[in-house]
Amino acid sequence: MIGRPQLLVVDDVEANLVAMEATLEGMDCSVLFARSGNEALKLLLKHDFAAMLLDIQMPGMDGYEVAAHARNHAQTRQIPIIFLTAKHETKEDALRGYGTGAVDFLFKPISPVVLRSKVKVFLELRQRQMQVEQALSDLKVAQAQLVQSAKMAALGELVAGVAHEINNPLAFATSHLRTARDCLDRVAPSVAPLLDEEAAANWSKANNRLTEMNVGLERISELVNQLRTFSRLDEGERKVIDIAECIDSALMILGHRLKEGIVVERKLAGPPRFECYPGPLNLALLNLVTNAIDAVGERGRIVIATEQRGDCIAIAVSDDGMGIPVELQSRVLEPFFTTKPVGKGTGMGLSITYSIAQKHGGTLDITSTLGQGTTMTIVFPQSLGRKN
Ligand SMILES: Nc1ncnc2c1ncn2[C@@H]1O[C@H](COP(=O)(O)OP(=O)(O)OP(=O)(O)O)[C@@H](O)[C@H]1O
Ligand SMILES: [Mg+2]
């Protein structure tokens with residue numbers, strides 16, 4: 001959202017400020033006032049002004065000095081300055097003024113018409129600049145979201161492909177193993193009495209190995225199922241999912257990052273199956289668990305909990321990691337906000353998770369205590385989906 005542009009008026013004489021306020025009344029901007037150079041410099045650093053109307057003759061720091069300071073600061077260098085002066089400036093004054101960044105001079109008593117029309121130009125300029133900045137930032141967010149969803153779609157496709165490729169050989173290995181076992185079981189009664197001690201040991205070893213192979217194949221088949229759950233990431237429709245399966249698949253994908261010292265606990269008290277957008281929800285879970293893993297470092301505890309809250313489902317990921325400083329808590333949802341080293345975090349995880357919560361008609365709640373841990377909870381109404 002683009003806010004109203006702001007103007008700064010600097011004058012040490014209260015009556016002049018009052019007159020300025022009256023003159024600027026009704027213009028599409030908010031006006032801040034400073035009664036000294038120092039006050040002006042403080043405000044300049046805190047706000048983003050469309051222009052500064054700056055009195056030259058002030059006790060202490062005069063207008064030229066304020067302008068010179070403003071020019072020396074990268075953050076305030078660009079601000080247009082209109083000097084307000086009681087006397088007609090000499091050529092020297094004018095040069096000094098323009099040298100410190102003045103774009104214009106106004107002479108007291110100031111004509112309201114002239115003042116308003118000059119100010120209007122700067123307000124419009126600022127408004128346009130803000131529109132361009134907003135469009136650029138919207139574009140960047142859209143681009144990052146596109147990259148993220150393209151990445152997830154590509155990953156989903158890849159995973160689905162791998163799962164499919166593994167599935168065929170897996171199916172015949174499983175079926176042949178069963179046949180081999182059946183054949184051996186069938187001949188066992190007639191073969192057993194013929195075996196000497198060594199042959200009997202080999203027979204039993206072969207049987208044990210077949211049992212172990214079966215355990216291995218079952219594990220592969222479990223992994224393939226989890227890959228399939230994950231590869232539903234790009235599905236756009238609401239579906240009933242099994243939350244335990246989703247959690248397992250997220251944890252499997254992050255398996256390589258779950259160090260030995262990290263304990264993951266599930267506390268699933270909510271409904272085991274519910275309706276949602278499976279792909280986005282998996283992604284949200286993945287983002288939250290990734291952040292929790294980053295937060296705990298080498299060792300810690302991560303709890304993934306679900307519960308029914310009235311008509312809503314809550315999915316919470318808690319960690320006992322480093323926590324988020326209070327002053328940053330309102331910023332973590334911003335796109336591109338990251339405290340992680342360059343190349344590690346894009347700062348998109350939570351902003352995407354937040355939009356996924358919104359897509360479900362819900363919210364993303366954050367509670368965090370520095371040094372103790374963080375809980376991020378997606379809460380969304382269960383019934384909403386059936387309406388749309
Ligand atoms: N569980 C958490 N504990 C502590 N800080 C967190 C936690 N989750 C998020 N944060 C803070 O919020 C910031 C933003 O998180 P977000 O997931 O949006 O981006 P990221 O993890 O830095 O990068 P990306 O998710 O794109 O790889 C993180 O850099 C971190 O400072
Ligand atoms: Mg993240």
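At-a-glance table
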| read-out | value |
| --- | --- |
| Considering residues of region 300-333 that are surrounded by fewer than 14 Cβ atoms within 10 Å (Cβ to Cβ) and among the acidic types (Asp, Glu) only, the residue farthest from ligand 1 (Cβ to nearest atom) | 311 |
| Filter pass, residue 303 being farther than 20 Å from residue 363 by Cα and in contact with a strand residue (DSSP E or B) (Cβ under 6 Å, 6 or more places away or on another chain) | no |
| Residue 275, sole failed condition from (1) crowded, with 19+ Cβ neighbours inside 10 Å; (2) closer than 22 Å to residue 245 by Cβ; (3) at pLDDT below 95 | (1) |
| Test for residue 354: is it more than 16 Å from ligand 2 (Cβ to nearest atom) and either among the hydrophobic types (A, V, I, L, M, F, W, C) or out of contact with any Gly (no Cβ under 6 Å at 6 or more places or on another chain) (or both) | no |
| Top-ranked residue of region 357-388 - restricted to ones that are away from ligand 2 (no atom under 16 Å from the Cβ), among the β-branched types (Val, Ile, Thr) and touching a Gly at 6+ places or on another chain (Cβ under 6 Å), ranked as farthest from residue 293 (Cα to Cα) | 379 |
| Any chance residue 363 is within 7 Å of ligand 1 (Cβ to nearest atom), touching a residue at least 12 places away in the same chain (Cβ under 8 Å) and within 16 Å of the chain's Cα centre (by Cα) | no |
| Residue ID - nearest to ligand 2 (Cβ to nearest atom), chosen from residues in region 334-348 that are surrounded by fewer than 16 Cβ atoms within 10 Å (Cβ to Cβ) and more than 26 Å from residue 361 (Cα to Cα) | 340 |
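The values are calculated or read from the model by the stated rules, or taken from the named source; none is laboratory data. Values in this document were obtained by computation on a predicted structure and should not be read as measured data. Quick reminder, even Gly has a Cβ in these numbers, built from the backbone with ideal geometry, and neighbours come from all protein chains shown.
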